[in-house]
Structures are given as C-alpha cells and as structure tokens.
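The next block holds one structure in the form of structure tokens; read it before the comments.
We did not get these values from a lab; they are worked out from the coordinates using the rules stated. These numbers were taken from a predicted model, which means no experiment stands behind them. Reconstructed Cβ throughout: ideal geometry from the backbone, glycine too, with neighbour counts over all protein chains shown.
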Amino acid sequence: MKILIKNGRVVDPTQKLDAVTDILIENGKIKKLGQGLTLADCETFDAAGLVVTPGLIDVHTHMREPGLEAKEDIISGTKAAAAGGVTTVACMPNTKPVIDTSIVISGIKQRAAADGYAHVEVIGAISKGERGEELAEMGDMAQKGVMAFSDDGHYVKSSRLFTLAAKYVTTFDKPLICHAIDPELGAEGYMHEGAVSARIGVPGVPSVAEDIAVARDCLIAEYTGAHVHIAHVASKGAIEIVRQAKKRGVNITSEVTVHHLTLTDEACIKYNPAARVSPPLRSKEHVEALRAAVLDGTVDAIVTDHAPHAPEEKDVEFRYAPCGFCGLETSLAVILTDLYYTKIFDLNTIISKMSCEPAKLFKINGGTLKEGSIADITIMDLNKEWTVDSSKFYTRGKATPYEGKVCKGKAVATLLAGEFVMRDGVLCTK
Ligand code: DOR
C-alpha cells in the first residue's frame, strides 16, 4: 500500500520543518519526504492549502472500557479520536473493573488493535481498585506494556503509598501520573472557589486543594527520583510549583487540558452541567498562568481529558452531574480558534504539545514524520469554519461546553499506520 501526500505544508517540530513538501508512505511508514515526488502505482492525496503534521497524541482520555460502555467504548472513543485528528489515545484506568491487572490491559490492547480507529496506550492503576490502600500489580502491568500508572479521578491520599509506588516504578522506568486534588479540601466543592461560585451560590473547590497535592507529589518525585507527571494542571499556584521543581532538576512533567486553557469558571454561570469538570474550570488569572506555562516549557503536553458520560447521567442539575465531558472531536479546532488565531500559540507550539512532546515523554511510537517512522498523520484545514454540533459526534458522551461554538480550523484527514481512517470528517470503513 503506497500513498503520496502532495503539496501540503508539512509542519514537524521534530525536524524543525515547516515547508511545502510531499510525503511518500509505504507499508505503513514514512518512506520519503521531498519536493516534486512522483510515483505511478500509488494513491495520491492533494494536500495543497492544507497542513500536514505528525498524528496528534492525547495522553489523557477515558475510553470507559471495560464496564462503562454506556459512556464510551474503545470503538466509539477511537472513532471520536480519528474524527478529531488524533492517532493515539492513552486511556485512564478508572473503569469497571479498574484497569489494575495485566489481563485487562491485554484485553484492551487486543480490542484496540483489531477494531480501533486509533492506537490505544493503556494507563494502569497505581492502587488496587484505585482505592488508595495497596499497590496494584504494577510490575506485572509494566511487563504487559502499560504506558504509565495513575489513580486518575482520585488523588493517592497516602504519602506512604505514593512514595512506595514512586520507588517501585524507578525499577521499570514508567511514570506515575498524578490527579492532584487534596480530597478533603476539595470534598465540598462543585466548581472553582472564587467570585463566580460566590455569585451563583455553588460551594467551591479552592485552588489550594490542587496546589498542596502537586507540592507533595513534586517532593516525592524529588525524594525518589521517579518520573511524576502532573495531570490536568489547572491552577496558577500548582503550575508555579511544577516550574520551581523543574528548575531544581526534579523528574517532573505536566499537562494541561484544552478546556483549562480556553474556558473560565464563567462557563458555569448558567449552571451548565457540561462545564462541570475535575479539576474545575478556574478564573482568568489561572488560565493566563497556564498559557504562559505552555510557552515557557513548564507544560509538556496539551490533552483533552476526554471524559464522556451517558447523556442521562450528565444532563442533570449542575451539582449532580458527574465531572468531565468529551473533548476528542473539538480539541484541535478549539486550540486553533482560541489560541492560534489569537496569536497566543504558534503552530509549532501546538503540534509540539499535542504530538511530539507527549510521544517523547511517554516513549510512544509516533509524534514525528521522520523517514522510517510510523505513518500516523493528521491533515488539517486551518481555514475551515464550522460550528460545534454534538449531535454529529462519534463519541457517546455528547455533553460539551463548546456546543454551538464557531471554530476556525479542523482535521480533515487522519492516517493511522499509513491508512486513512478519516477523510473529510467522515470515518473510513474498516
Ligand atoms: O472531569 C473529570 N472526569 N476529571 C477526571 O479526572 C476524571 C474524569 C472522569 O473519569 O469522568
């Protein structure tokens, strides 16, 4: 199988490349980059006027399988990924049962490889059942190729257990991903604590609940030497703690979500359940601090925290709505609309943080268009104007605070290991 992508503007930060050039794909790999490539017996895709980048890699998603298929499964979730231009997703272990044994990991990998529309990396739990009491079979899961470990959705409250996990992972070189909210300080809140929560009468989660948790985990990373990755940083204080730890040479990395970069707690004003997330959407000063942290390298990856819920679970009163909403089909467009077209991030930064850097950080195959690498590719039309309409989403969890948003920019084709999985917004039959 050979495909020639012609005349696209190829943006690949791993090669410091931003130029109009052709890409020849053969047997699932990038065979050659160069201008004026021609080949008789191959399919040609005309990418004139489009941008061609390494496939987007989202290291924080919830595929909800096994056990929570009313919210999502690997097929619907990876379809959403392909539709959004995402070629690799990492799935969190807060499923039913929790992904805390190697057999569950093998099952997910097999299903994704057979029927998925994107590559799926698996994140195993740190503690059994994510209960924070005893370590899960981490060594066994490491042998089955988990990408990292996390009790996402919960903070590992016990410093002793988190330290034990950190010491353990240094023996097999896998990161710990921390969901950083002190559960006691955050227990009574439904949104960010601040002027907006006071105005609308909803109890808040103070940002210090996040800062304390991040500080402890930075100190444990420093003490053990383990790689600790802070998930969905949302507060100004927390990102400053990460910045200082990085300066001291601590093995710490961080990610920020598309929504924490583009929305504030004002999105909760009308008690919109779609805007309820953990950590909560915070105020403008926090958003600005996160944007600055992307630009100065404190933030390593931009993620979705794609967290779909069944419509009947999510479409309830604000306080009763579970945290999270779907993000895979809007992430690129929202970033382009709100941060690229406003000149806050350039394209190089966006592709680095949404593909190249996460690939490097978590040793994921992809994130580059170098010759010889896997042909996971996103083709985007930066000028395409469209309106977010969740009824057209592939994900099962339709709730999104971006409903009705007019966007500029969209993925128009996605290639997975050299094969089109999405073209013109429509998934290709498998
Ligand atoms: O909003 C969220 N939803 N944040 C999380 O960390 C977990 C997620 C979920 O699993 O629904």
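Values as computed for the structure displayed
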read-out	value
Anchor Lys6: aspartates and glutamates whose Cα lies under 15 Å away (excluding residues fewer than 8 positions away in-chain)	Asp18, Asp22, Glu26, Asp41, Glu43, Asp46, Asp381
Of Lys157/Lys360; Lys410/Lys430; Lys32/Lys384, pairs whose Cα-Cα distance is over 26 Å	Lys157/Lys360; Lys32/Lys384
3J(HN,Hα) from dihedral phi, region 346-356, Karplus parametrisation 6.51/-1.76/1.60, rounded to Hz, x for glycine, proline	8, 5, 4, 4, 4, 5, 4, 7, 9, 8, 5
Cα gyration tensor, region 340-430 - rounded (a/c under 1.5), prolate or oblate	oblate
Farthest toward positive dipole pole in region 257-351 [+1 Lys/Arg, -1 Asp/Glu at C-beta], among Cys326, Cys268, Leu347	Cys268
Cut-off under 5 Å, modelled amide H: who pairs with Thr44 long-range	Leu4
Magnitude of the charge dipole, region 7-72, Cβ model with Lys/Arg +1 and Asp/Glu -1, debye to 20	240 debye
Region 306-373 and region 140-196: distance between their alpha carbon centers, rounded to Å	20 Å
Normalised contact order of the chain, rounded percent, pairs of Cα under 8 Å and 6 or more residues apart	19 percent
Relative exposure of Arg248, Arg396, Arg423, Arg111, judged by other C-beta atoms within 10 Å (fewest first)	Arg248, Arg423, Arg111, Arg396
Residue-count net charge about Ile126 - beta-carbon cut-off 13 Å; Lys, Arg +1, Asp, Glu -1	-2
Dipole moment magnitude, nearest 20 debye, the chain about Cα centre, only Lys, Arg, Asp, Glu C-beta charged	540 debye
Over 27 Å (Cα to Cα) - which of Lys246/Lys398; Lys96/Lys144; Lys31/Lys363; Lys353/Lys398; Lys2/Lys392; Lys71/Lys109 fall in this group	Lys246/Lys398; Lys2/Lys392
Cα-based reach from Lys79 at 17 Å (exclusive), listing aspartates and glutamates while leaving out same-chain residues under 8 positions away	Asp58, Glu65, Glu69, Asp115, Glu121, Asp305, Glu329, Asp376, Asp389, Glu419, Asp424
Highest to lowest packing among 196-203, 283-290, 332-339, scored as the average C-beta count within 10 Å	332-339, 283-290, 196-203
Placed amide H near Ser127: partners under 5 Å, 5+ positions off or other chain	Gly132, Ala136
Charge dipole magnitude, Cβ of K and R +1, D and E -1 - region 133-230, Cα centre, debye nearest 20	140 debye
222 nm mean residue ellipticity, helices alone, for the chain (DSSP H n ≥ 4; -39,500 (n - 2.57); rounded to 500)	-7500 deg cm²/dmol
For Leu37, distant residues with modelled amide H under 5 Å away	Asp22
Over region 139-201, relative contact order from alpha-carbon pairs under 8 Å, at least 6 apart, %	38 percent
For region 103-158: relative contact order, % (alpha-carbon pairs under 8 angstrom, 6 or more apart)	33 percent
